[in-house]
1. Please tell me the relative contact order of the chain in percent, rounded to the nearest whole number, where contacts are Cα pairs under 8 Å and at least six residues apart.
2. Residue 36 to residue 175: FRET efficiency via 1/(1 + (r/R0)^6), r the Cβ-Cβ distance, R0 30 Å, to the nearest 0.05?
3. Suppose we flag GluC sites (Glu not before Pro) only when DSSP calls them loop and at most 11 other Cβ atoms lie within 10 Å. Which is the longest uninterrupted stretch of the chain?
4. What does the net charge come to around residue 190 if you take all other residues with beta carbon closer than 15 Å to its beta carbon, with K and R at +1 and D and E at -1?
5. At 7 Å along the Cα-to-beta-carbon direction for both residue 88 and residue 138, put a label point, then send me their distance in nm to one decimal.
6. Just to confirm the number: angle between the C-alpha axis of helix 80-89 and the first principal axis of the chain, 0 to 90 degrees, nearest 10?
7. For the residue pair residue 160 and residue 110, what label-to-label distance in nm results when each label sits 7 Å from Cα along the Cα-to-beta-carbon direction?
8. Which value in deg cm²/dmol, rounded to the nearest 500, describes the helix-derived mean residue ellipticity at 222 nm for the chain, given -39,500 (n - 2.57) per DSSP H run of n ≥ 4 and division by the residue count?
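Readers should treat all values here as calculations from the given coordinates under stated rules, not as data from a laboratory. As the structure is a computational prediction, the values presented were derived from the model and not from experiment. Here the Cβ positions follow ideal geometry from the backbone for every residue, glycine too, while neighbour counts run over all protein chains shown.
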Amino acid sequence: MQAKAREVYVPPVLQDLRAGTAELHIALEKRLPFFSDALDTQAFVQLMQAYYGFYLPLESALLRSAAIPADFDLPPRLKAPTLRTDLHALGVSAEALQGLPQCEQLPVIDSSAACLGVLYVLEGATLGGQILRREISARLGLEADNGAAFLDIYGAATGRRWRDFIEYLGNRPISADERTAVVTAAQTTFSCFERWLESREVLA
Ligand code: HEM
């Protein structure tokens, strides 16, 4: 489902990203269990633990990377801390959190272009979160204050923060090779995430 948030201008790099990841998005969306009748709170906790095991090492890699553009403000966009708070609220102890498996097959982050491709996926996922938030509230009674803050991580600012990201992306001078590298990193992020979730046995 890739209906578009209100945007004034779609930069070429975003056109390429959409063309290059639409199928991967659809495939993953179909396998995620958010709308499954079998999804109970226990299965949701498993799913969010698996998300945490991907977001934490990937965001740490972005934070560590020398390739992250100097003018990109990453800390306010980090999502693992919110996942951690959600998991606490859902009854996962600090000790259990420490021991959770973390994904080791991550996208390679060796250039600014690669960083931006990864970030496109992580930021774009906040858009779908708006739909998932309503579903999980209705299905499990979980909201931002009792275990589902991740799904509404930017709250009312979701659209604005997406447009800010797209504007940032569109304003960067970017060569054809870099554009390819952005798309490759986004594709790899989708496929690494899907493979990881599959290995954690949380996909349909
Ligand atoms: C069942 C789960 C999901 C649903 C229902 C869903 C739904 C959506 C929807 C409706 C949009 C467009 C929103 C808008 O333009 O206002 C969107 C965009 C997007 N989603 Fe998802 N999504 C899901 C999971 C994911 C996951 C797990 C990821 C990646 C980790 C992801 C990455 C993206 C990206 C990158 C975009 C931006 C596409 C663009 O406009 O360029 N989504 N999603």
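1. On the way: 203 pairs, mean separation 74.4, N = 204.
It comes to 36 percent, rounded to a whole number.
2. Numbers: r = 43 Å, r/R0 = 1.43.
E(calc), rounded to 0.05, equals 0.10.
3. On the way: sites that count: 104, 201.
No qualifying site falls inside 1-103, the longest such stretch.
4. Working: positive: 18, 30, 31, 195; negative: 16, 23, 29, 123, 194, 198.
With Lys, Arg at +1 and Asp, Glu at -1, the net is -2.
5. Those two pseudo-labels are separated by 3.1 nm.
6. Compared with the principal axis, the helix lies near 10 degrees.
7. So the label points at residue 160 and residue 110 sit 3.9 nm apart.
8. Details: 7 runs with 126 residues, N = 204.
When only DSSP H runs of four or more count, the value is -21000 deg cm²/dmol.
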